[in-house]
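The values are calculated or read from the model by the stated rules, or taken from the named source; none is laboratory data. Just so it is clear, the model here is predicted, and its values are computed rather than measured. With ideal geometry, Cβ positions are generated from the backbone for all residues, glycine too; neighbour counts draw on all protein chains shown. Note: areas computed on protein heavy atoms with side chains; ligands, DNA, RNA excluded. Shrake-Rupley method; radii C 1.70, N 1.55, O 1.52, S 1.80 Å.
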Amino acid sequence: MAENWLDQFPALRELPAPEAESLRNGGQILSFARGRRVFGPGTPAGSYLLLLSGCVRVHQLSEGGREIVLFRIEAGESCALTTACLISKEDYSAEATVEEDAQAVAISRELFDDMMSRSPEFRQFVFTGFSRRITGLFRLIEEVAFERMDIRLAHKLLDLADADNVVAMTHQQLAVELGSAREVISRQLREFQQRNWVAPGRGEVTLKSREELERLASGRSS
């Protein structure tokens, strides 16, 4: 994987040979165990990160102690927050935690700056990934500010359910996902349970009526 990691990023395959060689030789392969903190508020971004495997959750804590998941980095993606910090030379304002054992390529700040200045293809790759993530963050802001919690919860349950229609999360974890309070999520789940849409269990929620949740998520249910 160390030699061929560029193959996991289709846009980087278009790099001219000298730039591709610079990345291949300069990228450092790092391994992160589940639960490890990758970065946190107030720390500088020392390198550009490209995820090869696993999953990393980027989340933020408010002054009042409420946590919200901003986005997840999956294999084949870069970290938009790291990109912003490298470009602005500012410290991180959020935290990243490994959800699944992960491997990543770390490109030093010096190499990142060099590639940004001399490679149009690399700049396009960086800014394309950054713009996609920013678009997703704007959608998150819109949801938190304007969308009803029952609709947001229905969306989240449908997104997180496995093949057996089970969401392996506690009420507190769902609250973090949605940037809400556990009491709000518990109250909404009780309402869903009364409608026979879900069946809460210990550390999980089973979807009993995907159809009704989909109707709510699409705005077709009152």
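In this structure Asp113 has an accessible area near 60 Å², from a 1.4 Å probe over the protein heavy atoms. Each residue of region 77-93 was assigned a 3J(HN,Hα) from its phi angle through the Karplus curve 6.51 cos²θ - 1.76 cosθ + 1.60 (θ = phi - 60°); the sequence is 10, 10, 9, 5, 5, 4, 4, 4, 5, 5, 6, 8, 6, 10, 6, 5, 10 Hz, with glycine and proline shown as x. Remark: spin-label model distance Ser131-Ala75 equals 2.8 nm, labels positioned 7 Å along the Cα→Cβ axis. Panel values: region 1-69, Kirkwood radius from alpha carbon pairs, Stokes-Einstein at 37 °C and 0.692 mPa s, translational diffusion coefficient 222 µm²/s. Between the Cα long axis of helix 17-26 and the first principal axis of the chain there is an angle of about 70°, rounded to the nearest 10.
Please compute the length gained on full extension between Glu204 and Glu142, using 0.36 nm multiplied by the number of residues separating them and subtracting their Cα-Cα distance.
On the way: separation 62, 0.36 × 62 = 22.32 nm, distance 2.72 nm.
In short, 19.6 nm is gained.
Could you state, as a whole-number percent, how many of the C-alpha pairs of the chain are farther apart than 26 Å?
Values: 10890 of 24531 pairs.
So the portion of pairs separated by more than 26 Å is 44 percent.
Compactness of region 42-129 was expressed as the Cα radius of gyration divided by 2.2 N^0.38 Å, which yields 1.12. If you plug the beta carbon distance of Ser218 and Leu30 into 1/(1 + (r/R0)^6) with R0 = 41 Å, you get a FRET efficiency near 0.50.
Residue ranking by accessible heavy-atom surface, 1.4 Å probe, largest first, among Arg36, Arg24, Arg57 comes out as Arg36, Arg24, Arg57. Calculated translational diffusion coefficient of region 9-48 (20 °C, 1.002 mPa s; Stokes-Einstein with Kirkwood radius over alpha-carbon pairs) equals 166 µm²/s.
At R0 = 22 Å, how high is the FRET efficiency between Glu100 and Arg66 if r is their beta carbon distance? Nearest 0.05 is fine. Before the final figure, lay out each step's value.
Working: r = 25 Å, r/R0 = 1.12.
That pair, Glu100 with Arg66, gives E of 0.35.
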